[in-house]
Amino acid sequence: MHLPKSQILDAAISLRSVLKENGKLILSVPIDRPGLDWEHRDAAGRLFTPLAPDYLQLLFERIGFNLLEKWETPDAQGRAGHSWCTLLFQARHPGRSRALERIEGILNRDR
């Protein structure tokens with residue numbers, strides 16, 4: 001959530017590359033985050049890129065993860081108007097993630 005949207009795919013691929021087969025990844029993203037300006041920054045200037053949980057689920061499934069669980073929770077700090085979605089993924093066997101290989105191939109050729 002603190003990366004520009006243009007960097008999300010590269011970050012997801014990097015996360016996949018450091019996990020072993022069956023490794024687990026947990027992501028927690030805000031569903032509701034009041035107090036942001038038009039650039040999605042808070043009063044301290046921190047970026048909160050709006051990322052729909054369904055978008056992240058699709059992205060991570062396409063690069064070689066299976067979604068194990070997904071749940072929503074209120075803010076742990078009790079802040080009004082804040083809520084979160086947590087996604088738990090498991091890395092698939094590399095041989096079963098052809099989409100990841102295609103994406104990496106395209107990125108490597110473009111560099």
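The values are calculated or read from the model by the stated rules, or taken from the named source; none is laboratory data. Predicted model, so just to flag it, every value in this text is computed and none were measured. Virtual Cβ from ideal backbone geometry, glycine too; neighbours counted across all protein chains shown. Quick note on the areas: whole protein, heavy atoms, side chains included, nothing else; ligands and nucleic acids left out. Shrake-Rupley method; radii C 1.70, N 1.55, O 1.52, S 1.80 Å.
With a 1.4 Å probe and all protein chains kept in place, how much accessible area does Ser14 have, in Å² rounded to the nearest 10?
70 Å²
Counting Lys and Arg as +1 and Asp and Glu as -1, each charge on the Cβ, what is the dipole of the chain about the Cα centre in debye, to the nearest 20? Show your work: numbers first, answer last.
Working: 16 positive and 14 negative charges, 92 e Å.
Using Cβ point charges on Lys, Arg, Asp and Glu, the chain gives about 440 debye.
Would you mind telling me the share, in percent, of accessible area of segment 31-95 contributed by carbon and sulfur at probe 1.4 angstrom?
On the way: 2040 of 3810 Å².
For segment 31-95, the apolar C and S fraction of the accessible surface comes to 54 percent.
Grab the Cα-Cα distance for Leu67 and Asp32, subtract it from 0.36 nm times how many residues apart they are, and report the gain in nm with one decimal. Before the final figure, lay out each step's value.
Values: separation 35, 0.36 × 35 = 12.60 nm, distance 2.18 nm.
Separation in residues times 0.36 nm, less the Cα-Cα distance, equals 10.4 nm.
Would you mind giving the three semi-axes, in whole Å and largest first, of the ellipsoid equivalent to the chain according to its Cα gyration tensor?
Numbers: eigenvalues 158, 64, 18 Å².
Semi-axis lengths for the chain are 28, 18, 9 Å.
Which value, in debye to the nearest 20, gives the size of the charge dipole of segment 33-97 about its Cα centre, when Lys and Arg are +1 and Asp and Glu are -1 at the Cβ?
Details: 8 positive and 8 negative charges, 50 e Å.
Using only the charged Cβ atoms, the result is roughly 240 debye.
Picking from Leu107, Leu25, Gly45, whose Cα lies most toward the positive end of the charge dipole for the chain (charges on Cβ: Lys, Arg +1; Asp, Glu -1)?
Final value for the positive-end residue is Leu107.
Give me the number: length gained by fully extending Arg46 to Asp75, i.e. 0.36 nm times residue separation minus the C-alpha to C-alpha distance, one decimal in nm. Provide the component values of the computation, followed by the final result.
Working: separation 29, 0.36 × 29 = 10.44 nm, distance 1.79 nm.
Answer, rounded to one decimal: 8.6 nm.
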